[in-house]
Amino acid sequence: MRSSSRNIGGLALAVAAGLSVLMLLYFQLFHGDGQVAFGISAVGWATAAFIFLVYSRMNTVQRTGTMALVFVLVVAFMLPFFFLAQAKVSADRTNGQYDKQLKYAAGLYATYCASCHGLLGQGLGAPQLNNGIPNHDTNPVILGWNSQDVQRVIAAGIVNNTNPTQYLMPQWSQAYGGSLNDDDINSLTALIMSSNDKTRNKVGAPTSQNGFDYIFGLLTADQQKTYNLQFAALNGPKDAPIDLTALKAVTVPIVDTPTDPSSVFKFLYTDPASKASSTVIKIKVGTTVTWDNVSSAIHSVSSGAPNADTTDFKSNSTVAVGSTYAVTFDKAGTFPYYCIYHPTMRAQVIVVP
C-alpha cells in the first residue's frame, strides 16, 4: 500500500508539475501575465493533492477508470490553451510580416515616389497618397480604389489623355521596363492602403499602422531636413497674414509662448497699431526681414521649397539668444520656414511684386 501510495503521489506530482509548467509558459510567453500563471499553477498543485487523497483509497478497477477520466480531462483542459497559443503565434507572425512589408515599402517610397508625391505622401504636383494626414483633405480617388486599382496604376503608369505618347506617371513594373518587381509593387500598394481606416478595412490589414510613419526613420540627415521642411509647409501656419507691404524693413521677434499648446516658441509678428499677431507676414519685393531672437532658447531660420510654387531663401542654422538674422527678399513667392531645433515652429513670408 505504501509503495502504491508513493507511486500515486509521484503520478500526482508529475501531473501537477506538467500542468504548472505548461500554464506558466503559456501565460508568461503569450500574455505576459505571471500572476495568472502562478495562480493556475497553484490550482494544478491543489488538483494533484486531491488526486493523491482520493486515488490512494481506491481499488485497482476504480483507479484504472479514474486515471482514464483524469487523462481525458487533462487533455480536454489543455487543448484550448494550445489552440489559443497557436492562434496568437499565427497572429503575431502575420502582424510581424505586415510590419516588415510596410517598412520595406517605406524605403521604396522614399527612393522612387517621394520626389513627386512628397516624403509625407502629401503630394507635390502628383496626387496625395497618404490619406492619414490629420486635418488635410484626403484623395477621394484613392479612397475609392481597391488594392488592384493601386497595383495597376503603379505597374502600368498613367497616360496623358491629350498626348497618349506621354506618361504623367511612369510605368514602374519590370514587365514594362520599369525598376520594380511584383513584390515591390505589392508592398507599395500595402503602404498606400495602410494610410486610412477605410482603405485598411478594404484590404483586411491586420494592424492600424500607417506605413508612411516609417519613412522618416529611413532617411538620411539631409532627407530628414527636407522631410521637416515639407512637414512645416504642410502643417502650417494657419494664421491670417499681416499686410506689411508699406514697409521696407520688418522685424519678426522669436518669442517664448509657454502657454500655447501648439508650440512653446514662435516666430510671431505683432502689429503695433492693431495688436494683431501672426506667424505669417506679407511684404513687397525688396523688403528686408530681420528675425530677433528674444526668446530663452537657440533657434534657426530654415527655409524650404516643398513644391514647385514655393521658393526658398538663404537659411541660418543658428540664431543665438539675443542675436538677429536678416534677409532681403528680392523675388516674389511664398516662403515657408521653420526652426530645425523646434520643428513645431512654423511661419511664412509672402512676397508680392
Just checking, does region 162-170 include any residue being in a helix (DSSP H, G or I), over 14 Å from the mean Cα position of the chain (by Cα) and surrounded by 14 or more Cβ atoms within 10 Å (Cβ to Cβ)?
no
So P206 ticks every box in (1) part of a loop (DSSP other than H, G, I, E, B); (2) closer than 14 Å to L120 by Cα but one. Which box is left unticked?
(2)
Considering residues that are touching a residue at least 12 places away in the same chain (Cβ under 8 Å) and either touching a Lys or Arg at 6+ places or on another chain (Cβ under 9 Å) or part of a loop (DSSP other than H, G, I, E, B) (or both), the number found within region 218-243 is 13
If you check Q148 against the conditions, is it loosely packed, with under 14 Cβ neighbours inside 10 Å and not assigned by TED's automatic domain parsing to the domain that holds Y214?
no
Filter region 92-123 down to residues that are of a type in the set (S, T, Y) and over 14 Å from the mean Cα position of the chain (by Cα) and give me whichever is surrounded by the most Cβ atoms within 10 Å (Cβ to Cβ).
Y109
Residues in region 276-298 that are more than 20 Å from T334 (Cβ to Cβ) and outside any strand (DSSP E or B): how many?
6
Can you name the condition, by its number, that N228 falls short on among (1) of a type in the set (S, T, N, Q); (2) out of contact with any Phe, Trp or Tyr (no Cβ under 9 Å at 6 or more places or on another chain); (3) within 20 Å of N130 (Cα to Cα)?
(2)
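The values are calculated or read from the model by the stated rules, or taken from the named source; none is laboratory data. Here the structure is a predicted model, which is why all the values come from computation and not from measurement. Glycine also receives a Cβ, built like all others from the backbone with ideal geometry; neighbour counts cover every protein chain displayed.
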